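Please read the structure below before turning to the comments.
The values are calculated or read from the model by the stated rules, or taken from the named source; none is laboratory data. Please read these numbers as outputs of a predicted model, since none were measured by experiment. Cβ placement follows ideal geometry from the backbone for every residue including glycine, while neighbour counts extend to all protein chains displayed.
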Amino acid sequence: MSFPARHVPPAATADIDALLAELVARWHEVDPAHVEDGLRGRICDLHRFNFLLWHEEDIARSPDVTDARIAAVKRAIDRYNQARNDAIEKLDDWLIGELAARGIAASSSAPAATETPGAAIDRLSILELRRYHMREQVERADATPEHRAKAAEKLVVLDAQRDHLVGALDRLLGEIFSGQRPLRVFRQMKMYNDPTLNPYLYAAPKAA
């Protein structure tokens, strides 16, 4: 689909997915960090928190870790999950700012999508993590042929899901930047980390 220059989305979805896949591979070799800014920087921030979350979740399920370690992991998961949700909103806020800068606004009667581009990119980020780790299972030298075959079957499904999501996100960005759909953000309003909203925090005894 071609658009006038003003209505071209700021990034191609295939390029976004390629960036996510490249970062997953790189971050398994070096500490997860990035130097990108702008929209790519917001995407990298979100992807980094998903990467960190994924590996903390792996630790949490290990039968060999101590209760103290599990408690520390749980706190890290809460922090990363809050940061992940904030990163989704910051990504969408960047896109909203770009739409305003280009003077693009959908009509008040235009239907919004059920999720924002930020939420879709979050799903794509998790999908790339899942594909990377499923591919590891396909290539495991210490696994049985049956295990590797089952993992290969699952990888085919994950590949199809990735292709479907890339296409859907591409259409969504095209519709938003052509003014056919609004970008309407519903804030997550996470409560569990807020000491004024979580009853286990605000009802806790105050230190003397």
Residue list for region 137-158, restricted to those being surrounded by 14 or more Cβ atoms within 10 Å (Cβ to Cβ), closer than 25 Å to A14 by Cβ and not small (G, A, S)
V138, K154, L155, L158
Filtering region 19-42 down to residues that are in contact with a His (Cβ under 9 Å, 6 or more places away or on another chain) and of a type in the set (V, I, T) yields V24
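Quick one: which of V35, V8 is surrounded by fewer than 18 Cβ atoms within 10 Å (Cβ to Cβ) and within 28 Å of A106 (Cα to Cα)? If you could, list the steps in order and put the result at the bottom.
Numbers: V35 fails: within 28 Å of A106 (Cα to Cα).
Selected residue: V8, the only one of V35, V8 that is surrounded by fewer than 18 Cβ atoms within 10 Å (Cβ to Cβ) and within 28 Å of A106 (Cα to Cα).
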Do we find a residue being crowded, with 18+ Cβ neighbours inside 10 Å and within 24 Å of P10 (Cβ to Cβ) anywhere in region 68-82?
no
The one condition Y80 fails out of (1) outside any helix (DSSP H, G or I); (2) hydroxyl-bearing (S, T, Y); (3) touching a Phe, Trp or Tyr at 6+ places or on another chain (Cβ under 6 Å) is (1)
Single unsatisfied condition, T196 versus (1) at pLDDT below 95; (2) within 19 Å of the chain's Cα centre (by Cα)
(2)
Could you check region 134-184 and list, in sequence order, the residues that are in contact with a Phe, Trp or Tyr (Cβ under 8 Å, 6 or more places away or on another chain) and part of a helix (DSSP H, G or I)?
G174, F177
Consider V30 against the criteria (1) surrounded by fewer than 21 Cβ atoms within 10 Å (Cβ to Cβ); (2) in contact with a helix residue (DSSP H, G or I) (Cβ under 7 Å, 6 or more places away or on another chain); (3) within 26 Å of A72 (Cβ to Cβ): it satisfies all of them except one. Which criterion is unmet?
(2)
Does any residue in region 93-113 that is within 13 Å of S178 (Cβ to Cβ) come within less than 6 Å, Cβ to Cβ, of a residue that is surrounded by 14 or more Cβ atoms within 10 Å (Cβ to Cβ) six or more places away or on a different chain, and which pairs are these?
I104/G179; A106/G179; A106/R181; A106/P182; A110/R181; A110/P182
Is it fair to say L95 is assigned to a helix (DSSP H, G or I) and within 17 Å of L169 (Cβ to Cβ)?
yes
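Which is free of Cβ contacts under 8 Å to residues at least 24 places away in the same chain, aliphatic (A, V, I, L, M) and closer than 18 Å to L169 by Cα, of A18, A60, A5? Don't jump to the end; show me each part of the working.
Values: A60 fails: closer than 18 Å to L169 by Cα; A5 fails: closer than 18 Å to L169 by Cα.
That would be A18, the only listed residue that is free of Cβ contacts under 8 Å to residues at least 24 places away in the same chain, aliphatic (A, V, I, L, M) and closer than 18 Å to L169 by Cα.
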